1. Suppose R0 equals 51 Å. What FRET efficiency, 1/(1 + (r/R0)^6) with r the Cβ-Cβ distance, do residue 463 and residue 52 give to the nearest 0.05?
2. Tell me, what is the FRET efficiency for residue 209 and residue 153 to the nearest 0.05, using R0 = 35 angstrom and their Cβ-Cβ distance as r?
3. With point charges of +1 on the Cβ of Lys and Arg and -1 on the Cβ of Asp and Glu, referenced to the Cα centre of the chain, which listed residue (301, 261, 508) lies farthest in the positive direction of the dipole?
4. Order the peptides 274-285, 79-90 from the highest to the lowest mean number of other Cβ atoms within 10 Å of their residues.
5. Show me 406-415, 134-143 ranked by packing, highest mean number of other Cβ atoms within 10 Å first.
6. Report the extension gain between residue 45 and residue 324 in nm, rounded to one decimal, defined as 0.36 nm multiplied by the number of residues separating them, less their alpha carbon distance.
7. Pick out, from 196, 422, 80, the residue whose Cα sits farthest towards the positive end of the charge dipole of the chain, with +1 on the Cβ of Lys and Arg and -1 on the Cβ of Asp and Glu.
8. Find out how many positive minus negative residues lie around residue 599, taking Lys and Arg as positive, Asp and Glu as negative, among other residues whose Cβ is under 14 Å from that of residue 599.
Amino acid sequence: MSTNNTTVQNARPSSSAEGVAWKLADLYAGVDDPAIGRDLAMAQKRAQAFESAYRGKIDVPGGPSADILLAAVRELEGLSEQMDKPIIYASLVHAAKTDDPKHGALLARTREQRTAINKHLIFFDLEWVKVADEVAQCLLAAPALARYRHYLEQKRAWRPHYLSEPEEKILEEKAITGRVAFVRLFDETVASLRFPFVYAGQSEMLSLQQINARLYDADRRARQAAAEGLTRGLRDNARLLTYLMNTLVLDHRSDCNLRHFDDPMGPRHLANEIRPSVVEALMTAVERYHGSVQRYYRLKGRLLGLDVLYDYDRYAPLFADMPACDWPTARSIVQESYEAFSPRAGAIIREFFDKNWIDAELRDGKRGGAFSSSTVPSVHPYILMNFTDKLRDVMTLAHELGHGLHQYLSRDVGYLQCDTPLTTAEMASVFGEMLTFQRLQQRYPEPRVRLGMLCSKIEDSFATVFRQVVLTRFEQALHRARHEQGELTTEQINELWLAANRPMHGDVVRLTDGYGWWWSYIGHFVHVPFYCYAYAFGELLVLALVQKYKQEGPTFVPRYLELLSAGGSDAPHVLLGKLGVDVNDPAFWELGLHLLDDMVSEAEELARSL
Ligand SMILES: [Zn+2]
């Protein structure tokens, strides 16, 4: 699932996707469908029965029998699906029209009931983790449990990091007034910040989202004013934001100490199912290619006619006059690009269009951005996007359909294992984008349009690869400095931020002093420490897969589809290994970085031909 192309919609732009709305009847007939209540009530009953049947039966001397464990996991899977289906439906109707109070109420009701049901299920994980290692190893090797091996194994990966049950309870209880409270204070503070935007003789106060949008303005004075306003707003709140960051970094450290993680990145690596050495190899490979970034920004400066490029020029639009693309054309381009790759993939994509699994029209109260929701394996995924007739929207459609294809194919591995970890979650979406991108390049051969599309693709890739590695380096430095030097001042953190950003921008993009404050609104650092490198992992993985497809041709296709069908039923390196991809090989990352560098060269060439 993902969100991109989030825009602030004041006046509603025109859209040729009018009438393209999803039919959610495959889930429920409507918000008043009595089946919603029935499913929740049934899930509640099943959860209670599950608890009385299995509590105290998993953590027993000698462990449970494979049959008992299998029956328990099967029932857990079935009742989880029944418990989640109403909440998934509620989220979808709510996203499609957030301003209908009935939708908000349904969402709240289903969420509350799910929490109540979940209480009966928590014991299972705790008991399973307590089973002795040698016993668990035997169970995991049992043929009867083969289908759920990875699911069960992955739960036990956390075993060395669990505390005793009373300790866990205390931590959870106190977190509500500790970490959770600080995170909420951060979210509410950032959401309520207002930034002064002084432009064209006018002065107004803008939200973070609004002032960020002005950084994409074609007028440089507007971008500069946005950058100054953003800095001022953050500087005025620096004391609070700095304190929040110091506290949460320290909290993370004490969590790591209590749970026996030596490295503050440890918990994230474990959740991502990835070895620390792989992440370090990925990051150093990315850093070796900073030259590509700088070459691109030099080109961008030339195209914009700017001698010196500042931080606030990075998002400047290159061409204002890109052609429009209506829904039928977008549909045929995306459809054709998947079909040419694989008739089977094409047939699945066709179902999304023909059976109304996509919500693309613009509607008051509809959520911004785009996502694909996997729903439950017994149904199928649904896609939401806001189609505004731009070429960018075609890429978004291809992206979400990539997720949709992945989610559709992985239904067979079941509800508990169909989702992948973060590192491979964007695999099919970005791959699908690349397929469509190549087709778009053929469809719009005019050099100026091709260059515009190419630059926007390059900038997206830079944001997912290079910037995310910069963010991760900053976080590493921040956690280290907080540990070694104690509470940090705003100025110290600003300096860490600038130091992490300088190598990527070199002497090509000048970072203003004000840019030093810009770490302080980034939610990832607060919500999930070390979240960001997974983006770089996913993007480079896809670029490497694109290269492999180029080299291997049609034999690549069935193996790729098999990879998607496996969902999250095994660790990413195992599944990727079947495709001949070795993420543990440091040289692997060069493949994708090379492709990015080639794209920059292509842009340079196209620019020369204008
Ligand atoms: Zn995505």
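None of the figures in this text is laboratory data; all of them are computed from the coordinates on show. Not measured: the values here are computed from a predicted model. Note that we place each Cβ from the backbone using ideal geometry, even for glycine, and neighbour counts take in every protein chain shown.
1. Numbers: r = 51 Å, r/R0 = 1.00.
About 0.50, to the nearest 0.05.
2. On the way: r = 41 Å, r/R0 = 1.18.
So, using R0 = 35 Å, E works out to roughly 0.25.
3. 301
4. Numbers: 274-285: 17.9, 79-90: 22.2.
Going from most to least packed, we get 79-90, 274-285.
5. Values: 406-415: 21.7, 134-143: 13.4.
For the peptides 406-415, 134-143, the packing ranking is 406-415, 134-143.
6. Numbers: separation 279, 0.36 × 279 = 100.44 nm, distance 5.33 nm.
Here the answer is 95.1 nm.
7. After comparing all options, I get 196.
8. Values: positive: 295, 300, 450, 457, 550; negative: 433, 459, 460, 539, 597, 598, 602, 604, 605.
Around residue 599, the charge tally is -4.
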